[in-house]
Amino acid sequence: MNDSYRGRSAGFAPAAANPAAFDAGLRAHMLRVYNYMGIGLVLTAAVAMLVASVPALYVPIFSTPLKWVVMFAPLAFIFFFSFRIEAISASTAQTLFWAFCAVMGLSLASVFLVFTGVSIGRAFFGAAAMFGAMSLYGYTTRRDLTKMGSFLFMGLIGVVLASVINIFLGSSALQFAVSVIGIIVFVGLTAWDTQNIKLQYSEHHDSETQGKLAVMGALSLYLNFVNIFQLLLSLTGEREE
């Protein structure tokens with residue numbers, strides 16, 4: 001993600017002449033971010049359940065090489081957001097975010113085919129509890145989490161590389177380690193991203209840029225939640241017989 005869209009200042013700039021107005025604006029901005037994220041999760045779940053319930057949809061996807069396209073398509077969206085966010089409008093960014101969430105639904109349809117409904121529900125509520133607690137911490141803490149971000153991103157790279165390697169190795173021990181470490185990393189990133197969204201708002205960009213920042217903030221938190229959910233499911237999920 002472009003550094004201009006990830007604030008690095010150590011404190012929250014008191015740029016607003018009226019602190020009360022600034023606080024109200026910040027709350028509205030955070031609510032906008034969480035609303036985007038929540039709607040995105042609902043859209044993803046709806047698409048995933050629809051695809052998983054219709055054999056005419058999931059058989060052509062998951063029994064052919066098309067599954068690799070579906071698996072890596074969300075990554076293409078993320079790269080596009082990262083490198084082109086400054087060049088597109090806020091409305092275009094929002095439209096692309098909804099498209100990304102729908103594509104993620106296609107990818108996550110396999111979850112409903114592999115795991116029991118009870119396991120999925122348990123992992124979802126566990127992820128929601130972890131995410132909620134850490135996002136609240138990131139929003140309320142006065143501790144500077146900037147330095148923690150570098151450590152977490154190194155951990156994220158390690159998790160991604162280990163996951164790719166394990167596609168070919170199929171090691172249950174490595175998968176367990178990846179899941180545990182990955183949960184720790186994404187839980188930490190949830191707090192870091194939440195604080196970073198506040199820092200970005202404190203820079204007082206124009207309304208167009210604020211709109212794009214809201215979308216990018218929602219994307220970051222969405223990805224954290226989805227990854228925590230998937231990793232929890234891989235640790236605790238019971239497979240369909």
field: Straight-distance crosslink candidates among lysines, where the alpha carbon sits under 23 Å from residue 212 and sequence neighbours closer than 8 are dropped
entry: 198
query: For the chain, with every protein chain kept in place, what is the accessible area per residue (1.4 Å probe, Å²)?
result: 51
- request: Mind jotting down the distance between the C-alpha centroids of the stretch 68-144 and the stretch 24-59, whole Å?
  value: 8
task: Can you tell me how much longer the chain between residue 180 and residue 42 gets when fully stretched, taken as 0.36 nm per residue apart minus their C-alpha distance, in nm with one decimal?
output: 47.1 nm
query: With θ set to phi - 60° and the Karplus curve 6.51 cos²θ - 1.76 cosθ + 1.60, what are the ³J(HN,Hα) couplings of the stretch 231-237 in order, to the nearest whole Hz, using x for Gly and Pro?
result: 5, 4, 5, 5, 7, 10, x
- request: Using a Förster distance of 35 angstrom, determine the FRET efficiency expected from the C-beta separation of residue 35 and residue 67, and round it to 0.05.
  value: 0.65
- line: Between residue 148 and residue 164, the two model label points (7 Å from Cα along the beta-carbon direction) sit apart by a distance in nm of 2.8
query: Using +1 on the beta carbon of Lys and Arg, -1 on that of Asp and Glu, and nothing else charged, what's the dipole of the stretch 93-241 about the Cα centre, debye to 20?
result: 300
- line: The long-range amide H neighbours of residue 115, using H built 1.01 Å from N in the peptide plane and a cut-off of under 5 Å, are 240
field: Computed E for residue 139/residue 208 - FRET, C-beta separation, R0 22 angstrom, nearest 0.05
entry: 0.35
message: Could you derive backbone 3J(HN,Hα) for the stretch 166-182 from the dihedral phi with the Karplus parameters 6.51, -1.76 and 1.60 (θ = phi - 60°), listing whole Hz in sequence and x where the residue is Gly or Pro?
response: 6, 4, 8, 7, x, 7, 5, 5, 5, 5, 4, 4, 4, 5, 5, 5, x
statement: Here the relative contact order (percent) of the chain, from C-alpha pairs under 8 Å and at least 6 apart, is 36
- prompt: Farthest toward the dipole's positive end in the chain, which of 217, 194, 116, given Cβ charges of +1 (Lys, Arg) and -1 (Asp, Glu) about the Cα centre?
  reply: 194
query: Roughly how many percent of the accessible protein surface of the stretch 29-172 is carbon and sulfur, given a 1.4 Å probe and a whole-percent answer?
result: 76
- request: Order the following by accessible area, largest value first: 160, 54. Probe radius 1.4 Å; ligands, DNA and RNA are ignored.
  value: 160, 54
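The values are calculated or read from the model by the stated rules, or taken from the named source; none is laboratory data. Predicted model only: the values in this text are computed from it and were never measured. Neighbour counts are summed over all protein chains in view; Cβ atoms, including those assigned to glycine, are modelled from backbone coordinates with ideal geometry. When the accessible area is computed, the model is the full protein with side chains, heavy atoms only, and any ligands, DNA or RNA have been set aside. Shrake-Rupley method; radii C 1.70, N 1.55, O 1.52, S 1.80 Å.
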